[in-house]
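Where a number appears in this text, it was derived from the coordinates with a stated rule and is not lab data. Being a predicted model, the structure only gives us computed values, none of them experimental. Every residue, glycine as well, gets a Cβ built from its backbone with ideal geometry; the counts of neighbours run over all protein chains shown.
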Amino acid sequence: MSEHHHSPATTSKNLIWSITINIIIVVVEVVFGIIARSMALISEALHNFTDIGSMVLSLWGEKLVKKPRTENKTYGYKRAEVIIAFINGGVLLGISGWILIESVIRIFHPQPVIGSIMFVVAVISLLGNTLASYLLHVGAHQNLNLKSAWLHSKQDALFSLGVVAAAIIIHYTGWNWVDPLASIAVSVFLLKEVYEILFESTNMLLDAVPENLDFQKIKNSLVAFPEIKNVNDLHVWQTSSNDYFLSAHVVTQEINSDQRAKLLKKIQEMLKEKYNIHHQTLQIVSQKESEEAELECEHCN
């Protein structure tokens with residue numbers, strides 16, 4: 001099987017097309033959702049809006065990777081991704097909460113929904129999301145940023161399919177309560193996604209240990225080296241989705257400079273291969289050197 005490699009220009013172009021498609025879908029769903037009095041369409045529009053944010057961040061991530069660090073911004077601009085995600089999550093939490101409350105009210109006080117308009121718009125949304133998913137799928141398995149956007153778009157297509165089914169039921173049965181029920185289903189799922197965005201972005205802003213890394217396992221992996229007696233002042237954090245950092249104070253047995261250099265190389269390779277930590281700051285001293293220098297450990301862990 002041959003492997004197809006796609007240039008950054010191609011992936012960026014596909015992202016721009018997918019963003020454009022989703023913007024059109026959101027506008028159409030909001031306008032006709034109001035006309036058809038369909039909360040399901042408006043909820044679906046909100047879900048598409050979250051994916052626009054995800055795609056914009058992915059596109060921005062492609063640009064930021066190339067942006068050099070400066071003397072003032074030694075980490076570069078990648079933390080901006082987290083700040084935007086946090087703000088976006090807060091806004092979406094309020095909007096999705098309002099839609100959920102309004103939908104619950106409509107369960108008990110159903111309003112007439114124009115099923116035919118709801119159906120046509122949902123089909124357009126389904127086709128648009130399917131096309132966007134196809135564009136994002138190209139190269140998604142070679143790029144984690146793009147893969148995230150692709151998964152969001154794929155979810156959108158599935159939700160659109162659910163709204164299509166709700167529109168058909170309303171059109172043939174007149175059960176208007178199906179519309180707010182579909183809206184509640186989308187809103188609950190959206191609230192779960194918003195919670196995850198807020199939880200992850202808050203942890204990243206607090207420099208917490210990334211969710212997919214285990215602090216104790218990393219420490220155990222370090223002290224497993226026979227030359228190492230103790231590890232303290234260990235910190236693991238991330239500045240963006242895929243950039244992991246580690247700093248540690250490593251106390252060793254009495255070893256010469258050549259052995260120390262070899263140990264440093266082994267530690268770096270282990271952290272890269274086992275935990276995908278490529279940014280490392282290690283202070284390596286022997287027990288005797290630590291005592292002679294009277295090194296203080298203010299944040300021992």
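Structure values in brief
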| read-out | value |
| --- | --- |
| Calculated from backbone phi, Karplus (6.51, -1.76, 1.60) coupling profile of segment 184-193 in Hz, x at Gly/Pro | 4, 4, 5, 5, 4, 5, 5, 4, 5, 5 |
| Estimated dipole of segment 180-301 in Debye, rounded to 20 [Cβ of Lys and Arg +1, of Asp and Glu -1, Cα centre] | 480 |
| Nearby aspartates and glutamates by direct alpha-carbon distance to Lys67 (threshold 18 angstrom, same-chain neighbours under 8 apart not counted) | Glu81, Asp243 |
| Over segment 215-292 - Rg/Rh using Cα atoms and the Kirkwood inverse-distance radius | 0.97 |
| Positive dipole terminus of segment 215-292, leading residue within Ser286, Val236, His249 (C-beta point charges) | Val236 |
| Computed helical MRE - 222 nm, the chain, DSSP H runs ≥ 4 contributing -39500 (n - 2.57), nearest 500 | -23000 deg cm²/dmol |
| Eligible aspartates and glutamates near Lys229 by straight Cα distance, threshold 14 Å, same-chain separation 8 or greater | Glu254, Glu289, Glu291 |
| Efficiency of FRET between Lys63 and Gln280 - r from beta-carbon atoms, R0 35 angstrom, step 0.05 | 0.85 |
| Average projection area in nm² (convex hull over Cα atoms of segment 71-133, one quarter of hull surface) | 7.2 |
| Cα centre as origin, Lys/Arg/Asp/Glu Cβ charges: the chain dipole, Debye | 780 |
| Given 12 as the ceiling on other Cβ atoms within 10 Å, longest exposed-site-free region of the chain for GluC sites (Glu not before Pro) in DSSP loops | 72-210 |
